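Participant: My structure is below; once you've seen it, I'll send some questions.
The values are calculated or read from the model by the stated rules, or taken from the named source; none is laboratory data. Everything quoted here is computed from the prediction, not taken from an experiment. Glycine also receives a Cβ, built like all others from the backbone with ideal geometry; neighbour counts cover every protein chain displayed. All accessible areas refer to the heavy atoms of the entire protein, side chains included, with ligands and DNA or RNA removed. Shrake-Rupley method; radii C 1.70, N 1.55, O 1.52, S 1.80 Å.
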Amino acid sequence: MRTIPRPEEDGGIELLMVNPLSRRAFAAQRLLATFLAVTALAAVPGVLVLAIAPGVGIDVPADNIASASAGLVGLAWCYLGITFAVGAATGRRGLALAVGGGLAVTGYILRGISGIIDGGDWLKWLSPFHYFIGTDPLHTGWHPAHLLALVAVGVVGAAAGIAMFDRRDVGV
């Protein structure tokens, strides 16, 4: 993550922190830049499918494609918030990426095994992937509560990360 851990590990954060900017504003601006980049990347598949669907005979309503794309963006925001919080709290890029990636893999596995294990159906509710694709948005369309759950996790993680960065000693 280039938000906070990368410049801190590279020893360049002191140059960024000398600007007349509060720590909270610094963290929020770094988060916003990453948020915009992640949003753009996560939206690309949906935009491409919307563009090519009519020409190749994909018989899925555009509204349903948009709902699946929004779910992917929400999933990305969910894990971005968590990863940002770990990076802002620790200043360690490797740890932040390991925790974010580890939780993503765990969530994916939970979603997969929830339908295989007898009595394991409840496991799907622990996985952000369920809130993304558990309702099959390409067939059923929008599910605002699931999208809000993904975004809420990301927002809570981001807010916690900003608060933790504001309170910790920065390694320079």
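Participant: Is the stretch 79-102 home to any residue that is without any contact (Cβ under 8 Å) to a residue 12 or more places away in the chain and more than 26 Å from R30 (Cβ to Cβ)?
Facilitator: No: zero hits.
Participant: Can you tell me how many residues within the stretch 148-163 are surrounded by fewer than 17 Cβ atoms within 10 Å (Cβ to Cβ) and under 14 Å from A27 (Cα atoms)?
Facilitator: 3
Participant: Need pairs with beta-carbon distance below 9 Å; first residue among the aliphatic types (A, V, I, L, M) and within the stretch 123-137, second open to solvent by 40 Å² or more (accessible area, probe 1.4 Å) and assigned to a helix (DSSP H, G or I); sequence gap 6+ or separate chains.
Facilitator: Cβ pairs passing all conditions: L123/R111; L123/I113; L126/T106; L126/R111; I133/L72; I133/R111.
Participant: With respect to V60, determine if the residue is out of contact with any helix residue (DSSP H, G or I) (no Cβ under 9 Å at 6 or more places or on another chain), over 21 Å from I162 (Cβ atoms), modelled with pLDDT under 95 and surrounded by fewer than 18 Cβ atoms within 10 Å (Cβ to Cβ).
Facilitator: no
Participant: Then there is this: If we scan the stretch 3-10, do we find a residue that is modelled with pLDDT under 95 and either assigned to a loop (DSSP other than H, G, I, E, B) or polar (S, T, N, Q) (or both)?
Facilitator: yes
Participant: Could you tell me how many of the residues in the stretch 36-57 are surrounded by fewer than 18 Cβ atoms within 10 Å (Cβ to Cβ) and more than 20 Å from the chain's Cα centre (by Cα)?
Facilitator: Qualifying residue count for the region: 9.
Participant: Could you list, ordered by first residue, the pairs with Cβ atoms under 6 Å in which the first is in the stretch 149-164 and closer than 22 Å to L72 by Cα and the second is hydroxyl-bearing (S, T, Y) and surrounded by 20 or more Cβ atoms within 10 Å (Cβ to Cβ), at least 6 apart or interchain?
Facilitator: Going by the 6 Å Cβ cut-off, the qualifying pairs are A149/Y131; L150/Y131.
Participant: Still on this structure, I have one more. Do we find a residue being of a type outside the set (A, V, I, L, M), closer than 22 Å to G94 by Cα, surrounded by 18 or more Cβ atoms within 10 Å (Cβ to Cβ) and modelled with pLDDT of 65 or more anywhere in the stretch 18-30?
Facilitator: Checked the stretch 18-30: at least one residue is of a type outside the set (A, V, I, L, M), closer than 22 Å to G94 by Cα, surrounded by 18 or more Cβ atoms within 10 Å (Cβ to Cβ) and modelled with pLDDT of 65 or more.
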